[in-house]
1. For the residues Asp410, Asp222, what sequence is obtained by ranking on other C-beta atoms within 10 Å, fewest first?
2. Let me check I've understood the local charge: for Phe542, count other residues with C-beta under 13 angstrom from its C-beta, Lys and Arg +1, Asp and Glu -1. What total comes out?
3. Out of (i) 13, 22, 17, 18, 9, 12, 8, 1, 0; (ii) 17, 50, 27, 6, 0, 0; (iii) 15, 38, 31, 14, 2, 0, which label holds the value of P(r) over Cα pairs in 20 Å bins from 0, in percent that was computed here?
4. Where a Cα-Cα gap under 18 Å defines reach, which aspartates and glutamates qualify for Lys699, not counting those fewer than 8 residues away within the same chain?
5. Sort Thr484, Thr587 so that the residue with the fewest other Cβ atoms within 10 Å of its own Cβ comes first and the one with the most comes last.
6. Which net charge results for the neighbourhood of Leu48, defined as the other residues with beta-carbon distances under 14 angstrom from its beta-carbon, given Lys and Arg at +1 and Asp and Glu at -1?
7. Working out 0.36 nm times the residue gap between Glu185 and Asp330, then minus their Cα-Cα distance, what length gain in nm do you get to one decimal?
8. Can you give me the C-alpha center-to-center distance between segment 184-238 and segment 556-615, rounded to a whole angstrom?
Amino acid sequence: MLDKSLSVSSRFKNAPLGRLDAVLAAAHMIPRQTDVPGILRMVKYCCLPQMSFQSLCVIIETPLSERNRLYLLNATTNSSTCAPVLLPSGDARYTLFRETDVRLLNKDEFFTIFPSAAQNDEFNEFEQCALFSPTIEISGYHAAFLIIWSKMAARNEVMPFCRVLSGIVSAALTKILQTEEQNMELEALRQERDRLNILVGIGNVANSTLDLTSMLDMVATDLHRSFRFREVALELYESDRTILEYAARFKNSQGNDTPRDVRVPLDRSILHHFEHRERLRLLRENTLQDLKKNDPLAAYFLANGSRVVCGFPLIFRQMSLGVLLLAHSDADIFTQDIASLLSQVAVPIACAVHNAREYASVNAETVRLAEENASLSAAITQHQKDNAIVGQSDAIRKMLRQVELVAESDSTVLLLGETGTGKELVAEALHRSSSRKSRPLIKINCAAVPAGLLESELFGYEKGAFTGALHQKKGRFELADGGTLLLDEVGDLPLELQPKLLRILQSRELERLGGRNPIPVDVRLVAATNKNLAEMVSKGLFREDLFYRLNVFPIYLPPLRERREDIPLLAQFFMEQISRRMRKNVTRISADALHWLCEQKWPGNVRELANVIERAVICSTGRVLNLELEGWKSNWQDTQPSGQRPLGGKPSAAQPANISVREEIIRAVRACNGIIAGQRGAANLLGVNRSTLNSRMKKLGLDVKTIMEEN
């Protein structure tokens, strides 16, 4: 590739011997050069005696560059220049870099092609030049070679010499630019390797721990080693629009305290200056001085000698977590290249921050759940103790034996007994003693739910089954699947729902309201009632087939009057339970109080006894539960149904019926502070169902608001 001709000798067969020697020397020496200035020096050495030029110039166009490179050697002073120059445009550029032959140009012609050359002092003595375009065998590279004379000295005989020189220079330039390209690629690879090493190293360090402060300390050490940053810190968003700050713990001569877990208002923080900023931004000393009054990090940076801070957003899954702050004494360290790398460094740090905060949240939740679990376990244990079946009488022992016998089976159990005898406690004991104890015990009181809602409560409904059914809802049967369902007050189940209950007991399948597909359920049913179901069947108030399905294993709960020997145990149990709940220190019941308790008929059964003990604990001031407090017995007896009869029963002959029942209800409502339902309600105190009490009050024209206002 030394020339486009076949041989050097054929072109110079009539030339003087000195010119041929120059060509041979150039062909030998120029390809051995390692840079462009070396090529120019060697052309001068080999060719100056033959051509007497003023200077040599090489212009190189590099791919994707807005400027090209100009190399100029003054043959007289031997000074050289290497500087970027503006690219020529249009046809001039095409002429400059794509000449197919050697071309002689005068000053005006050259400056027309390359006007930016007129601005270079080296071209002041320019009068004539020989221009040729060496062929560069690298895609995107072009070159122009100029031999410049300070006077019109060049003649046509230099043209063959320049053509041979063009081939020699083309090969040498191609070799040098190939080496340069390779070195640039190697340098880019080295830089990319270093960038990747930094990213991988920081990523590994950041994700090696789930402790936020430890992570920051380790990341800061790597950033300090790689970039010599003075300080590294985090400012993270909190849910209450404040900022939580963490700074790395570098040892410093000033001994300033390192901010950790410091909360700062968002609008007064460094982070506020980096919010919604897509371009690189630096906070300089004057801004930090303004911020240090409110943001401890700003004061910390200044105290340790930093004068500029750059922030990099921490984004994880399109969620902004905060900002990584890097401080230094010199703003020049934050070049675009370094900033680009640091923005990538922020990615694994954001992931590590997210993981650390999630771990802290999960860990805190785990601790909370463990504490809650311990509390619930203690509460369950206490609940089981508080709801234990207390008693040693023959009647209660017989009942407990029946519970023990039937508990392990899946047979339906019917609990029979008066109000207040503890049917719900027996149902819980059955469930705890069964193989279903790990599954839920679901309860529903058929008398407490309005008839129009009871069906949806029991069987559930589909979305759109009726107006207001905006979503699907499971009923109590489905919720109890695998466990036990207690149907309390089953005698109050409406007749129209009884066939559906019977179908579930027979097929073990149900259909939600609005549904079409049967849903299998595995439920052990425990029913409870204080009514005589057999008598209701005879009166047509209860389905006979359902009665027989429920009456598989009946358990009778004895009233308190049939187990009077249990009253002292029950009284002691309730006293301890209620005293603990009320944080009182009542520990003993007087003999007179026990005697009085055992003499009562207790129409409200155990529930009534518990209410009496609770009132006594409230009124007791010492360690002894004493029912002999002034007015206690008479006041308590005044609230009981006259002559221990049921509410609304036959009054004494001397008292009109309506007046007697009315007064009983008014006294009970006032004694319970207007509460009707529940253990502390008037219905419980009177020993009747809530629905029964509400019905009687309606008949008598009574309501709670009027009773309490007249009190």
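1. Ranking Asp410, Asp222 by Cβ neighbours within 10 Å, fewest first, gives Asp410, Asp222.
2. Details: positive: Lys531, Lys539, Arg543, Arg549; negative: Glu489, Asp492, Glu496, Glu535, Glu544, Asp545.
Residues close to Phe542 contribute a combined charge of -2.
3. (i)
4. Cα-Cα hits under 18 Å: Glu663, Glu664.
5. Numbers: Thr484 24, Thr587 13.
Ranking Thr484, Thr587 by Cβ neighbours within 10 Å, fewest first, gives Thr587, Thr484.
6. Working: positive: Arg19, Arg41, Lys44; negative: Asp21.
With Lys, Arg at +1 and Asp, Glu at -1, the net is +2.
7. 49.2 nm
8. Spelled out, the Cα-based centre of one part sits 72 Å from the other.
Laboratory data are not the source of any read-out in this text; all were calculated from the coordinates shown. Predicted, not measured: the structure shown is a model, and the values here were computed from it. Backbone-built Cβ (ideal geometry, glycine too); neighbour counts: all protein chains shown.
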